[in-house]
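Below is one structure, written out as structure tokens; comments come after it.
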């Protein structure tokens, strides 16, 4: 087969279109041999034992059942989480059963797998209701089974079924003849036919708006085509279109590898692209293996450790949490880092997995990712408790990502100790956008003190016309100024400009114009400079402006225990990090406002509340705010 260049050719096509490839046959086209996992050979006890314990606990209990009333709630009160959690619970249980069936010949496990597969086949829709267009197309609040929508949920299910067929298909056929035919029928009706026949899927990116759905769905279509499509002509067409779709994503990936959605979305965006291309290389016998030759893909492998603040904490932009779930597919990062020969990224994957006491693999990341981890001998060896671990995550001393205008500086490379500062420019129409141009994050010993709140649980409102009624999306609750009584509006026109770096080893700094992020007429110019004085161990936020009206203030969002007085605030951070003292001109008035957190997506990260410090600056044209860690008497002397 040849690379499909109908209508689009990106960096992958440039490398692969003149290279003929032959797909490995169904049953051999995915890189996890079932025999290699029989009996649990090579799988660490610390990973396998708890997984099997959870699977045993599932037996003889009712399967999670997503209900029509739960699916329809997204069109009523906006709740999408109740339905989705039932779906996720069902798929996690099935993934556990698959591993149990692979390592244990007890026929109950095959029965459990068959039950889960059949439930998915009988599930009216694999699409998550919040994504389905059935209401606009058919006036229905429930899925229209004759017009299936291909979204992230449908992709995840067909990918899971494909991996099951790959590793257990023959054994299932012996015990449940016909179940594999049913799986293939559902894959054709719900995924393959819609993918080929309806080419207006927004996530393909035909309009140039390419985001993380693209590689996530295309990657799952690729897996399913390789494992479940027995018509070779149709299979090649599916693979070629999926590869071309991923090429669109790679073409949109900036040269510095940055993700405007932030670290948390890297795992289901760039990482998905890397995983899909790794599968494509395997399925073509290495003929199409472009990852190491594409600069943006090499650079994006470094994005996770460039975003690391320390321990479980990361630079969070847009909807990402500052303390993401620990159970990331670290093996996928480790594998990609091996492909591009990035030793720092490999080290970060190992250290992060061990620091968080996580298993080498788990079902939360999806069956395909779990199987790939369990079959990755290099990863299992690197994370074996008996293998010496790297001393620390790379924690670069400085980071500059021009595509997103994100700048980071820390006290010392390889250590979270002391202060780390981050300044973001960018614009207000990024993926999963928050109105946050000019936002500052400061961490003490790797723990955010001046923070970005992140986002609450997704609802129908999150991606609807009233998104910016949600407080976490507003500039008023980011560490940016309020100018002339006005906050930042959404839209690409509201942007930073003229970013300048001071590339000093002693006092690195970033200075950027952020006045353009506010409504026209709000201010003539507003420049924000953030610097780290490494010798003095001090962060400075220096704002200078002209033409601002009344009700102008500099705001900082703080996490931890906050006390304040004229010209100062003291913050005792989370996780036992060193307290910091924030200082400004004593004659500039201030207020503190606590924001109670009642959503677990926020409270699980920050605790019961966050505090907004507002410093009034009417009548001024500049303000300097400094942040220093408190030092004991011995350090002062």
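What follows draws every value from the coordinates through simple rules; no lab data is involved. From a predicted model like this one, the values you see are computed outputs, not experimental measurements. Because the Cβ atoms are built from the backbone with ideal geometry, glycine has one as well, and the counts that use them run over all protein chains shown.
What spacing in nm lies between the two simple spin-label points modelled at residue 20 and residue 392, each 7 Å away from Cα in the Cβ direction?
That separation, rounded to one decimal, is 5.5 nm.
What value, in deg cm²/dmol to 500, does the helix sum -39500 (n - 2.57) over DSSP H runs of n ≥ 4 give at 222 nm once divided by the residues of the chain?
Roughly -10500 deg cm²/dmol at 222 nm, from the helical runs in the chain.
Given axes a ≥ b ≥ c from the Cα gyration tensor, I'd like to know whether region 11-382 is rounded (a/c under 1.5), prolate (a/b larger than b/c) or oblate. Can you show the working numbers first?
Details: a/c = 1.22, a/b = 1.10, b/c = 1.12.
Taking the square roots of the gyration eigenvalues as a ≥ b ≥ c, region 11-382 is rounded.
Using packing as a proxy for protection, rank 135-148, 473-486, 606-619 so that the peptide with the highest average count of other Cβ atoms within 10 Å comes first.
Working: 135-148: 13.9, 473-486: 22.3, 606-619: 17.6.
Those peptides, ordered most packed to least, come out 473-486, 606-619, 135-148.
Sort 518, 468 so the one with the fewest other Cβ atoms within 10 Å of its own Cβ comes first.
468, 518
May I ask you to derive the FRET efficiency for residue 175 and residue 53 from their Cβ-Cβ distance with R0 = 25 Å, giving the value to the nearest 0.05?
Efficiency computed from Cβ-Cβ geometry: 0.55.
Output the peptides 246-258, 42-54 sorted from most to least packed, where packing is the average of other Cβ atoms within 10 Å over each peptide's residues.
246-258, 42-54
Relative contact order for region 398-636: what percent, with Cα pairs under 8 Å and sequence separation of 6 or more? Spell out each step's value before the answer.
Numbers: 614 pairs, mean separation 42.3, N = 239.
Result for region 398-636 is 18 percent.
Taking the mean number of other Cβ atoms within 10 Å as a proxy for protection, how do you rank 260-271, 569-580 from highest to lowest?
Most protected by this proxy first, the peptides run 260-271, 569-580.
Tell me the relative contact order for region 11-382 as a rounded percent, counting alpha carbon contacts under 8 Å between residues six or more apart.
Over region 11-382, the number comes to 20 percent.
Can you give me the angle between helix 152-175 and the longest principal axis of the chain, using Cα atoms only, in degrees from 0 to 90, rounded to the nearest 10?
30
Provide the convex hull volume over Cα atoms per residue for the chain, in Å³.
157
Please find the FRET efficiency linking residue 507 to residue 593, where r is the Cβ-Cβ separation and R0 is fixed at 25 Å, and quote it to the nearest 0.05.
Numbers: r = 32 Å, r/R0 = 1.29.
The formula returns an efficiency of 0.20 here.
Which whole-number value in Å³ per residue fits the convex hull of the alpha carbons of region 228-340?
In region 228-340, the Cα hull volume divided by residue count equals 114 Å³.
Which angle from 0 to 90°, rounded to the nearest 10, does the C-alpha axis of helix 45-58 make with the longest principal axis of the chain?
70
Determine which residues of region 39-64 fall in the zone a paramagnetic label at residue 377 would reach in this model, i.e. backbone nitrogen under 14 Å from the point 7 Å along Cα→Cβ.
Correct set: 41-43.
Once the Cα atoms of helix 330-340 and of the chain are each reduced to a long axis, what angle between those two axes, in degrees from 0 to 90 to the nearest 10, is obtained?
Approximately 90 degrees, to the nearest ten.
Decide, for region 398-636, between rounded, prolate and oblate: order the square roots of the alpha carbon gyration tensor eigenvalues as a ≥ b ≥ c, take rounded if a/c falls under 1.5, and otherwise choose prolate if a/b is larger than b/c, else oblate. All intermediate terms of the calculation are to be shown ahead of the outcome.
Values: a/c = 1.36, a/b = 1.18, b/c = 1.15.
Rounded, because the longest to shortest axis ratio a/c is under 1.5.
Could you tell me what fraction of 2.2 N^0.38 Å the Cα radius of gyration of region 176-294 comes to, as a two-decimal ratio?
1.10
Would you give the gap between the C-alpha center of region 593-635 and the C-alpha center of region 274-345, rounded to a whole Å?
Rounded to whole Å, the Cα centres lie 32 Å apart.
Roughly what % of DSSP beta bridges within region 397-515 run antiparallel, to the nearest 5?
Antiparallel bridges make up about 100 percent of those DSSP assigns within region 397-515.
Within 10 Å of each residue's Cβ, count the other Cβ atoms and sort 185, 542 from fewest upward.
So the residues, fewest neighbours to most, are 185, 542.
Quote to one decimal, in nm, the extra length available between residue 69 and residue 145 on full extension: 0.36 nm per residue of separation minus the C-alpha distance between them.
25.7 nm is the gain from fully extending residue 69 to residue 145.
Averaging sequence separations of C-alpha pairs under 8 Å and six or more residues apart, then dividing by the length of the chain, give the relative contact order as a whole percent.
Numbers: 1319 pairs, mean separation 66.1, N = 637.
This gives 10 percent for the chain.
Using only Cα atoms, locate the centre of region 370-402 and the centre of region 27-96, then give the distance between them in Å, rounded to an integer.
If we compute the Cα centre of each part, the gap is 25 Å.
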